[in-house]
Amino acid sequence: MSEIHLTIDGVEAVGQSGQTILQVAKSAGVDIPTLCHHPMVSDLGGCRLCLVEVEKMRGFQTACTCPATEGMIVHTETPKLAETRSLVLQLLFYERNHYCMYCPASGECELQDLAYRYDLDHWLFERPAENKDVDASRRYFVMDHNRCVLCRRCIRVCDEVVANHTLQMAFRGSHSIVSADLGLPFGESTCVSCGTCLQSCPTGALVDRRSVYGGHREQVDRTPTTCMQCSVGCQIEVVSAHNRLLRVEGVWEAEPTNGLLCVDGRFAPLYDEKRERVTRPLVRRDGALVEASWNEALDAAAAGLRQGGVVGLATAANTNEALAAFKTTMAAAKGKVGRIGKTLPCVKASATAAVTDIPAADLVIIAGADPLEQNRVLGYLAKRAKDHEAKIVLVADGENTMAPFADVKLTSAEVGQLAGLVAEAKQPVVLYGAELTDAAKGALEGLEAKFLGIEPGRNGRGMADLGIAPLDADGAKARLLLLGEEKVCGCCVPTQNGAFTVAVASYRSDVVNEADVVLPAPIWAERSGHVTNLEGRVLALNSAVTMPKGVRDEVDTLADLASRL
Amino acid sequence: MAKIKVATTWLEACAGCHMSFLDIDERLVELLNQIELTSSPITDLKHPPESGVDVGLVTGGIGNEDELAEVKMMRERCKILIALGDCAVTGGVCTMRNPWSKEDVLRCGYVETPSTVDGTLPGHEDLPELTERVLPLDQVVPVDVYLFGCPPNADRIWYVLSELVAGRMPKVEGDLLRYGMDE
């Protein structure tokens with residue numbers, strides 16, 4: 001790469017060879033209008049809005065695809081270009097239903113913004129009276145082909161970011177529509193509802209059902225935070241209005257996953273959470289859990305825990321701060337702390353991998369894990385590597401969602417082949433999970449590869465860093481359970497067996513319903529603090545909405561409890 | 001200086017644009033010192049005089065034969081014709097019926113609605129025929145000034161009128177250009 005020098009609108013701009021005019025202009029602070037361009041995917045020069053004039057070149061050039069070269073003199077806003085862009089916009093408005101007055105995207109629409117920018121004060125052409133179908137077969141978002149500008153961003157993010165290849169163009173000319181799996185309803189297609197297309201849509205063609213008409217731009221609050229649904233730690237923005245959760249969006253520029261989310265992070269917490277929230281402290285009186293004041297509940301909890309023989313058990317659905325406070329409280333209670341849920345086997349690794357190493361790998365070994373099911377974004381990244389000719393090796397004894405995409409499938413008995421595969425690879429990455437067998441573990445150790453352990457718990461890495469490990473809790477006389485919003489049941493939490501139990505929890509569950517004292521806890525969007533992701537990155541949680549009245553942060557709850565012990 | 005004469009009318013519209021016109025509030029008093037409002041849907045006189053007026057404000061799209069005649073009359077009698085609001089500029093929400101024939105639309109509205117029992121199509125000589133499609137003004141007559149908005153807010157209507165009173169052609173651009181309810 002060498003430095004190149006351009007003149008863009010009279011401004012000296014320095015770029016690198018290989019960059020496009022658009023990229024150089026952007027770094028020089030020149031704003032060229034775009035519509036089909038999206039920073040996460042390759043450019044196709046389809047919408048014609050980024051047209052620029054380059055001296056000594058014939059006609060107009062699409063800035064998003066035209067390579068910048070030394071000495072280029074570029075003009076981005078001439079009267080001729082304004083006229084051409086204005087005509088392009090007229091044609092876009094003409095082609096489909098772009099009546100802003102009843103479009104949910106009005107107020108946050110890139111087509112609308114461009115029309116404002118080029119002063120479209122009326123339409124030149126009468127819109128043809130043709131209605132395209134609206135595909136509402138997906139649970140979380142709707143596709144209205146009438147609002148589509150055929151920019152193909154959705155198709156490209158599905159291909160290049162998610163590597164799911166569900167979308168493509170169907171038909172030709174004005175009949176063109178975005179289609180799923182050659183014509184299936186979206187809801188019956190291979191779509192995995194990760195919502196990346198939804199987030200990349202510039203108009204109202206793809207619309208989130210829940211947040212539609214919920215507010216735009218200055219009407220909403222955007223809180224940058226970390227997804228807490230698994231251990232990957234995708235960076236998200238929680239969009240809310242008037243303390244009401246609207247939707248979750250990925251942050252394109254933020255590692256580890258650069259905007260890529262999955263259904264579990266983007267939609268499930270908002271659409272599918274049906275459990276009953278604990279919003280008041282509860283104490284058991286005459287056999288029944290009844291509402292109590294915080295003071296009464298904390299006093300009752302402390303009285304029970306003071307009797308000795310206390311064990312503290314925490315799930316990974318807690319912040320580092322809450323876990324540290326938990327340890328302090330348990331020290332005051334003179335009890336041991338332990339972890340609820342699966343843990344990651346300790347594998348001796350020659351080097352560690354970052355999440356961003358996965359799509360760049362030429363060999364991805366997946367062992368003891370089902371990333372497409374449990375940590376879906378890691379699965380998408382592995383599939384992205386496969387799109388770049390990487391080999392996927394799956395080590396699994398049972399069924400695995402990744403199996404259709406594996407080039408080599410091995411059972412624990414066949415792991416001897418791994419060494420040969422790794423020896424042929426230049427950038428091998430090993431992803432291992434909680435189901436790793438001893439045989440596979442033995443075969444992996446010593447391989448010259450970058451390793452990434454897929455922590456099964458959301459903040460499992462934070463727990464491990466604090467030294468909270470599984471513990472035999474049998475025979476405890478009293479228990480303090482720090483459950484957070486984890487779905488817990490009798491198989492992950494040992495049965496109560498007469499032990500006095502204090503549960504700090506966000507939701508009701510069988511375990512909570514059997515407790516003697518229940519102290520309400522916040523949920524993901526209400527939390528602040530930090531978690532440690534599977535790579536060991538410490539990531540911030542920022543509260544997007546306030547906790548319901550009656551709920552308190554665990555850190556405060558545990559400190560108050562400790563002071564009573 | 002003689003007051004400039006202004007006429008307003010609404011075609012296939014919800015009246016929201018006229019409500020927004022009234023929302024210029026106390027500025028109406030100032031305005032009425034400078035203009036003569038010859039006619040409007042909310043005054044006794046509904047049509048501008050044959051001798052003509054300086055400015056005509058038209059809201060709504062064109063969806064029936066009466067509206068078609070009305071907009072043609074407005075064009076003949078107004079020196080400057082303003083398409084006020086999304087429906088006048090683009091046809092707006094009324095164009096939702098355009099993909100279907102007018103017979104289908106009427107049947108859907110008067111016969112096939114789930115709550116209708118023994119519905120009949122409306123038909124009376126006083127009722128104007130629907131046009132085949134709902135049209136924006138400029139598909140029928142030339143328009144001089146366009147003001148998008150559903151409705152355009154009072155400040156933007158005030159801007160357009162005060163420019164005209166000052167003898168200038170209003171330029172609806174920059175922040176004055178807003179579509180739909182994107183105020």
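The numbers here are math on the coordinates, done by the rules we state, and not lab data. Please read all numbers here as calculations on a predicted model, not as lab measurements. Reconstructed Cβ throughout: ideal geometry from the backbone, glycine too, with neighbour counts over all protein chains shown.
For segment A:320-359, with only Lys/Arg (+1) and Asp/Glu (-1) charged at the beta-carbon, what is the dipole magnitude about the Cα centre, in debye rounded to 20? The partial results should precede the final answer.
On the way: 6 positive and 2 negative charges, 67 e Å.
Approximately 320 debye in magnitude.
At full extension, A:A351 and A:S42 could sit 108.1 nm farther apart than now, given 0.36 nm per residue minus the alpha carbon distance. Separation of segment B:1-70 and segment A:71-90, taken as the distance between their Cα centroids, equals 39 angstrom.
The distance between label points at A:K274 and A:E12 comes to 6.6 nm (points 7 Å beyond Cα on the Cα→Cβ vector).
Across peptide A:237-243, the mean count of Cβ atoms from other chains lying within 10 Å of each residue's own Cβ comes to 0. Each of B:W158, B:L121, B:V71 was placed along the dipole of segment B:41-183 (beta-carbon charges, centred on the mean Cα), and the one lying farthest toward the positive end is B:W158. Candidates A:G195, A:A473, A:A163 compared by Cα position along the dipole of chain A: farthest toward the positive end lies A:A473, with charges placed on Cβ. Quick one: net charge of A:G187's neighbours, Cβ under 9 Å, K/R +1, D/E -1? For residues surrounding A:G187, the net value is 0.
Loop-resident GluC sites (Glu not before Pro) (DSSP state other than H, G, I, E or B) in segment A:358-426 with no more than 15 further Cβ atoms inside 10 Å of their Cβ: A:E389, A:E399. Counting Cα-Cα pairs of segment A:304-445 in 10 Å increments starting at 0 gives whole-percent bin shares of 11, 35, 25, 15, 11, 3, 0. Amide H to amide H, with H built 1.01 Å from N, A:I4 comes under 5 Å of A:G15, A:Q16, A:S17, counting only residues 5 or more places away or on other chains.
Evaluated at q = 0.11 Å⁻¹, a Debye calculation over the C-alpha positions of segment A:1-115 (equal weights, vacuum) places log10 I(q)/I(0) at -0.38.
Taking amide H positions as modeled 1.01 Å from N, with prolines and chain starts lacking one, the residues under 5 Å from A:V430 and 5 or more places away or on another chain are A:I365, A:K450, A:F451, A:L452. Scaled to the globular estimate 2.2 N^0.38 Å, the Cα spread of segment A:490-542, given as radius of gyration, is 1.47. Rounded to the nearest 10 degrees, the angle from helix B:65-77 to the longest Cα principal axis of chain B is 20 degrees. A simple rule links phi to the HN-Hα coupling: the Karplus curve 6.51 cos²θ - 1.76 cosθ + 1.60 with θ = phi - 60°, which for segment B:42-50 gives 10, 10, 5, 7, 8, 10, x, x, 4 Hz, with x for Gly and Pro.
Along the axis of the charge dipole computed for the protein assembly as shown (Cβ charges of +1 for Lys and Arg, -1 for Asp and Glu, origin at the Cα centre), the listed residues A:V283, A:S528, A:A115 are led at the positive end by A:V283.
Rg and Dmax, both from the Cα atoms of segment A:144-198 and both in Å, are 10.5, 29.
Shown for A:L81, A:L167: other C-beta atoms within 10 Å of each C-beta, ranked fewest to most, produce the order A:L81, A:L167.
Directionally averaged projected area (chain B, Cα convex hull): 12.1 nm².
Rounding to the nearest 20 debye, state how big the charge dipole of segment A:430-496 is about its Cα centre with +1 on each Lys and Arg Cβ and -1 on each Asp and Glu Cβ.
I would put it at about 240 debye.
For segment A:261-335, dividing the convex hull volume of the Cα atoms by the residue count gives 136 Å³ per residue.
Where does each of B:R75, A:R147 land when they are ranked from fewest to most other beta-carbon atoms within 10 angstrom?
On the way: B:R75 17, A:R147 23.
So the residues, fewest neighbours to most, are B:R75, A:R147.
For segment A:529-541, the Karplus equation 6.51 cos²θ - 1.76 cosθ + 1.60, evaluated at θ = phi - 60°, returns couplings of x, 9, 10, 10, 7, 4, 7, x, 6, 8, 10, 8, 10 Hz by residue, with Gly and Pro reported as x. Computed from label points 7 Å out along Cα-Cβ, the spacing between B:R27 and B:Y110 is 4.2 nm.
For segment A:434-490, the Kirkwood radius over C-alpha pairs fed into Stokes-Einstein at 37 °C and 0.692 mPa s yields D = 223 µm² per second. Here A:Q307 and A:A403 are evaluated by their C-beta separation; at R0 = 35 Å the FRET efficiency comes out at 0.10. Of the GluC sites (Glu not before Pro) found in segment A:456-550, those that fall in a DSSP loop while having at most 16 other beta-carbon atoms within 10 Å are A:E514.
Charges at C-beta only: +1 for Lys and Arg, -1 for Asp and Glu. How large is the resulting dipole of segment B:38-136 about its Cα centre, in Debye rounded to 20?
Working: 9 positive and 17 negative charges, 85 e Å.
In total the dipole reaches around 400 debye.
Its alpha carbons give the protein assembly as shown an Rg and a Dmax of 32.5, 102 Å. Between amide H atoms placed 1.01 Å from N, distances below 5 Å from B:C78 occur with B:V53, all of them 5 or more places distant or on a separate chain. The residues neighbouring B:E30, those whose beta-carbon lies less than 15 Å from its own, together hold a net charge of -4 under the Lys/Arg +1, Asp/Glu -1 convention. Using θ = phi - 60° in the Karplus curve 6.51 cos²θ - 1.76 cosθ + 1.60, the 3J(HN,Hα) couplings for segment A:11-18 round to 9, 6, 10, 10, x, 10, 4, x Hz; x is entered for Gly and Pro. Whole Å is fine, so just give me how far the alpha carbon centre of segment A:96-168 lies from that of segment B:83-120. Taking the Cα centre of each part, segment A:96-168 and segment B:83-120 sit 24 Å apart.
If you average over every viewing direction, what projected area does the convex hull of the Cα atoms of segment B:46-151 give, in nm²? Mind dumping the intermediate values first?
Values: hull surface 31.5 nm².
Over every viewing direction, the Cα hull of segment B:46-151 projects on average to 7.9 nm².
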